[in-house]
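Input: a single structure, listed below in structure tokens.
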Amino acid sequence: MTGPLIGRELRPAVGSDALQGPLARPGAGSKELRALAAEQLRMMGGDGGGTSGVSTDGARWVPSAEVLEAPVDDELVLLDPTAGTYFGVNESGSAIWGLLRRGCSGADAATELSVRFDVDAARARADVDRFVGRLASAGLIYRCPQAY
Amino acid sequence: MPARRYNLHGVSVQVECDGGVLRESVEGLLRAFANAALSGNGDSRTWMVFARSVADAGELPRARSAAAGLAFEQPRVGLDGSSWGYAVWRDRGRTIIEVSDRGLVVVEPERGCAEVWAVAPERWGAEEREGLVFLLASEVLRASGLYPLHAAAVERDGRAVLILGSSGAGKSTSLLSLMRAGWRCLSDDHPLICDTADGPRVLPWPARIELTAETARLFGGLGDMRARRGERKLWLYPEECEAGVASAAAAPALLLFPKVVDWPVSSVEAVSSRFALEELLRLGMVVVDRKVAAHQFSLLARLARGAACVRVFFGSDVKRLPALVDGLLHTAAA
């Protein structure tokens, strides 16, 4: 029997490379993803100017309380039960997620990442910005209204 | 209405059916659990299940209250190309599944009660009827801590191999190939995953093994294969194969993700636990109740972490699969 397994058909958010981490090749991602990120930025009052990331200057981000997470080896899978989407996150993305969860700002996360993965600070910053933009556009994190 | 009692790994289910065709579907799906001793990994409650037929959709009861909230809608039901859609509602602790104008499922975990209504089921195919009963059964099992997974599974020496994939990925072919080598059947299509003190375990849910005529010819000697009216596949019961059926929980040792390719020789590649978990989510994760979903997600993550995970590209030498699996298990153990 090919029985239906009741439930929504869960889907990757924006393809299997949805949240390939901050050290993935620059510019990766679909047009749709960029449009979503730009829209998210517009709603958040960011510049949105054709980039796929957000500025992390001092901003802190709070993971959504809805999101379930499961570490697997050095990587991570996030499940948003409300949206019915899941996300595979690679090692560096997993590191950023952990830093954000601990209350680090994006800027702090970039500093930590540049040391941990031995990349220059500007590159780490750009990658963190892009990754945070993707998390935000997927509704996995929210910008904290005030620094704490 | 005479009731029939089943024991699904410790979950006691008493079923009353008001019609012959629904009773046939229930017995087809749950036959392995009839008269089973009451012990196992489920949460030991007793469920009352009612299966009813109505003549048309207007006779379906109004199950939802004004407080009901839509959990999600699915444009079609099943993986068999059928065109049913369904909507899942949460309503004061109940799960209500409205299946187009074909049927209704209501599951009330707190009362240990579940009901299914089917609209003129005598006009449906046998697989469609079983599909509706499966909706109810899987929801009852999930509420009891037993999670169906869309996979084939076999057991030997207490270790399980899971073959995961959508329809057409080669699950039943793999299952038969391994059973020919002495592995026992856990399930052709939907083994159960449960949580134990020793980690995730795979439990048997043996129903029919369904095969294409081509697969049946490839293996040959399968005895008295049957076909259901109007359906393309042939089937047999797993106990009719020499290796038979596993009767106890098995520790998951190997997760295989098959893909049929037009190559003379099969090949394998290791995949990450993350890949495995993403596939497990696609094939078995269900989000209706958040607490239940959180437990299932955690369980599937531990399943992916604890077993060797391999993608298999099936060539035309599928009968060599048992040797390939032995090699993979040996490597994983080393």
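Peptides B:124-135, B:249-260 ranked from most to least packed give B:124-135, B:249-260, packing being the mean of other C-beta atoms within 10 angstrom over each peptide's residues. Other protein chain C-beta atoms within 10 Å of residue C-beta, averaged over B:301-308: 2. Our coupling estimate for the stretch B:164-170, obtained by passing each phi through the Karplus curve with A = 6.51, B = -1.76, C = 1.60 and θ = phi - 60°, is 10, x, 6, 4, x, 7, x Hz, Gly and Pro reported as x. Across the stretch B:44-180, the fraction of Cα-Cα pairs farther apart than 27 Å, rounded to a whole number, is 30%. Sorting A:101-110, B:316-325 by their mean Cβ neighbour count within 10 Å, with the most densely packed peptide first, gives A:101-110, B:316-325. Amide hydrogen proximity for B:A71: with H placed 1.01 Å from N in the peptide plane, the residues at 5 or more positions away or on another chain lying under 5 Å are B:V88, B:W89, B:R90.
Counts of other chain beta carbons within 10 angstrom of each beta carbon in peptide B:284-292 average 4.
Between amide H atoms placed 1.01 Å from N, distances below 5 Å from B:G85 occur with B:V77, B:S100, all of them 5 or more places distant or on a separate chain. Amide H contacts for A:L76 (H built 1.01 Å from N in the peptide plane; partners 5 or more residues away or on another chain; cut-off under 5 Å): A:V89. For chain B, what % of the accessible area comes from carbon and sulfur atoms, probe 1.4 Å? The C+S portion of the solvent-accessible surface of chain B is 48 percent. The alpha-carbon atoms of chain B, seen along their principal axes, cover 57, 42, 39 angstrom, with the largest extent given first. In whole Å, what is the distance between the alpha-carbon centres of the stretch B:122-147 and the stretch B:179-212? The two parts, judged by their Cα centres, are 17 Å apart. Descending by average beta-carbon neighbour count within 10 Å, the peptides B:52-65, B:2-15, B:103-116 line up as B:103-116, B:2-15, B:52-65, the highest first. Sequence-ordered 3J(HN,Hα) estimates for the stretch B:207-223 from the Karplus curve with 6.51, -1.76 and 1.60 and θ = phi - 60° stand at 10, 7, 9, 9, 9, 6, 4, 5, 5, 4, 5, 4, 8, x, x, 8, x Hz, glycine and proline given as x.
In straight-distance terms, cross-link reach from B:K259 covers every one of the aspartates and glutamates whose alpha-carbon lies under 12 Å from its own, apart from those fewer than eight places away in the same chain; here that gives B:E269. Rounded to the nearest whole Hz, the Karplus-based 3J(HN,Hα) values (6.51 cos²θ - 1.76 cosθ + 1.60, θ = phi - 60°) of the stretch B:288-303 follow the sequence 10, 9, 5, 5, 5, 4, 4, 5, 5, 4, 4, 5, 5, 5, 5, 4, with x at glycine and proline. Within 10 Å of the Cβ of each residue in B:126-138, the mean number of Cβ atoms contributed by other protein chains is 3. Taken over the alpha carbons of the stretch B:238-334 as equal point scatterers, the Debye sum produces base-10 log I(q)/I(0) values at 0.10, 0.21 Å⁻¹ of -0.35, -1.15.
The values are calculated or read from the model by the stated rules, or taken from the named source; none is laboratory data. As the structure is a prediction and not an experimental result, all values here were calculated from the model. Here the Cβ is made from the backbone with ideal geometry for all residues, glycine too, and neighbour counts use every protein chain on show. Heads up: the accessible areas ignore ligands, DNA and RNA and are worked out on the full protein's heavy atoms, side chains in. Shrake-Rupley method; radii C 1.70, N 1.55, O 1.52, S 1.80 Å.
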